[in-house]
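Below you'll find the structure, written out as structure tokens, and then a few comments.
Values quoted throughout were computed directly from the atomic coordinates according to the rules given, and no laboratory measurement underlies them. None of these values were measured; they are calculated from a predicted model. Don't worry about glycine lacking a Cβ; one is built from the backbone with ideal geometry, like all the others, and counts go over all protein chains shown.
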Amino acid sequence: MIRISKNYLIFDFGASNGRSAIARYDGNTFDMEVTHRFENRPVHALGTLYWDILRLYSELNIGIQHSLMKYKNITSMGLNTWGADFGFINSNGKLISNPVHYRDEKRKVDANSLYKIISRKELFELTGAAIIPVFDLFHLYSLKLQNATEFVNGNKFLTIPDIFNYFLTGKIYNEYTRMTTTVMYNQKENKLEDRIFDRLGLPKNIFPEIIMPGEKIGNISKNICSELGIETMPVIAPATHDTPSAVAGIPVVSKNKNWAFISMGTWFIIGQETKNPIINDQALNAGFSNEGGVGGINLFDKNTTGLWIIQQCREKWNNDRVSPISWNEIANLSLDAKPFKSFINVDDTIFSIHQADMPETIRKYCKEKGQNIPESIGEISRCIYESLAMRLKYDFNNLEKITGKKIELIHLMGGGARNELQCQLIADATGVPVMAGPYEATSVGNLLMQLKASGEIRNLDEGRKISLNSSVVSSYEPKDVDRWDEEYSKYLKKHIIGS
């Protein structure tokens, strides 16, 4: 008996771009076809950096239309986004203001006054989350200090993916994995943490019900269907934060090995799956935190500035050139550059914020550290790629110390896993075999939760078998480990211990 494939619509909104795709599932494997791509460009207005939320919603509608033009029968759709920022719905159900971008400078300033009320350590003990000012609590507190219009008149708090879901369905929920990154959710007790709201004077009643990955949010509303000229379809909640969605999509090749992951995008997120949150001083001091995964899994992970640095460099290079430089050209120039010429600490704050001239920022840093100064595109990009690998080696060493287990395999996923040089450098630096792919693991994880909602799979293990059946995975074995260890000692003294 021949089974007719089912079609599932997937939206993946990243911090710099997004896409829609159709996954065709035949009961054993799937393949994906991208139906629409779009850029995600924030907007500076009167000194504030905003997400252009309405344009992104317009791109969402275009993606739905394009997908239905080619695939008439779609079982369901689901969307995921980056892991920070929110908006307010007023009492009339209207979005009050464009959500503010997590790289906006104001929340960092107000973080200091927040810490005077609740320290970083106590926030970590209460939530287990990453205590970094880019996340929601800090911005919510800033809005309170400013007596901002949206704060005063906000009736419901919705994270970015839940805003899109609300626009589509009219249903008001916040999804679980995304809420665990807000620094307002107690991950041990699985509830919003009252002590944070009480001590900071923040309203708790604006938070709607929390929905879990794999649950149905609602159907696309009649008004939207009429506007777009489409039939309705169910909207499913995947892990709406792209990191747990990507981890869910990993085609685990050996459950017997102690494996870790790196999600390689604008941020690099490294970590492991654990049964329970790990909340102690060692984790806090090393920058590790916890967030909710699918199926009750905890993700113990750490955010490190990732491809943001090379993306900023490419933007500057393209502004200075007649014809744009491709990522392949940058990779080839990196291969030709001399290795170990200079390093940067990618977690230094100067590399995490927007820079009009990131290449010059790197040159100044190297000069101040008494290193060789990278000048060419190849030298600068090689410096970035090797520095990322060095930082990952440092963070993986800390991960092993905290968990007490040696990492035996690293799974890479996300767009950065396409860069063969970066993948090899990670294997070389860590001395651990690397498996890279699928590149669109976030979309795979999104699909698996839609399969769960439609009854095609019962749990994540079944979904990961489907991912393994359907994915192309590349392997990288460590090389020149002794040389990397030698250079790593120098890196630690100049950029970590002596920084």
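Points worth noting:
- Beta bridges by DSSP in the chain, antiparallel share as percent, to the nearest 5: 75 percent
- Dipole magnitude of the range 6-242, debye to nearest 20 (Cβ charges: Lys/Arg +1, Asp/Glu -1, about Cα centre): 220 debye
- Once both labels are positioned 7 Å from their Cα atoms along Cα-to-Cβ, the gap between Leu468 and Ser119 label points is 4.6 nm.
- Of all stretches in the chain that contain no GluC sites (Glu not before Pro) in a DSSP loop with at most 14 other Cβ atoms within 10 Å, the longest one is 232-374.
- Alpha-carbon centroid distance for the pair the range 311-371 / the range 271-310, whole angstrom: 27 Å
- For the range 395-457, trypsin sites (Lys or Arg not before Pro) meeting the loop criterion (DSSP other than H, G, I, E, B) and having at most 10 other Cβ atoms within 10 Å: Lys406.
- Over the range 6-242, the alpha carbon radius of gyration divided by the compact-protein estimate 2.2 N^0.38 Å works out to 1.04.
- Cross-link reach is defined here as a Cα-Cα straight distance under 26 Å, omitting same-chain residues fewer than 8 places apart; for Lys479 the lysines meeting it are Lys255, Lys257, Lys302, Lys338, Lys341, Lys393, Lys401, Lys405, Lys406, Lys490, Lys493, Lys494.
- When you filter the trypsin sites (Lys or Arg not before Pro) in the range 49-135 for DSSP loop state and at most 13 other Cβ atoms inside 10 Å of their Cβ, you are left with Lys72, Lys94, Lys116.
- Between Met69 and Ser475, the modelled labels are 4.3 nm apart [label points 7 Å from Cα along Cα→Cβ].
- Gained length - Lys367 relative to Lys493, 0.36 nm times residue gap less alpha-carbon distance: 43.8 nm
- Along the axis of the charge dipole computed for the chain (Cβ charges of +1 for Lys and Arg, -1 for Asp and Glu, origin at the Cα centre), the listed residues Asn372, Asn80, Ala453 are led at the positive end by Ala453.
- Value of D in µm² per second that Stokes-Einstein yields for the chain, Kirkwood Rh from Cα pairs, at 25 °C (0.890 mPa s): 105 µm²/s
- Cβ charges +1 (Lys, Arg) and -1 (Asp, Glu), total dipole of the chain, debye: 400 debye
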